[in-house]
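Below: one structure, written as structure tokens.
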Amino acid sequence: MQQIHRMATMADIVNAMNYLCTDAAGMVTGQTLPVSGGYPLQPS
């Protein structure tokens, strides 16, 4: 995964949530949508 070298903003997280609440995400089921900018949430 390529890092984008910035921290996620509240707007980034809200945009992901808004997407999941639209009909465009109607076929997205059982998935995790990380909004991490490519940074692992836990050290390897």
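The values are calculated or read from the model by the stated rules, or taken from the named source; none is laboratory data. Since this is a predicted model, take the numbers as computed values, not measurements. Every residue, glycine among them, receives a Cβ derived from its backbone with ideal geometry; neighbour counts consider all protein chains shown.
Worth a mention:
- Restricting the first member to region 23-35 and to residues that are closer than 21 Å to residue 8 by Cα, and the second to residues that are basic (Lys, Arg) and part of a helix (DSSP H, G or I), no beta-carbon pair is closer than 6 Å while six or more apart or on different chains.
- The set of residues from region 1-27 being assigned to a helix (DSSP H, G or I) and not aliphatic (A, V, I, L, M) comprises 12, 15, 18, 19, 23.
- Residue list for region 1-23, restricted to those being modelled with pLDDT of 90 or more and loosely packed, with under 10 Cβ neighbours inside 10 Å: 10, 11, 21, 22, 23
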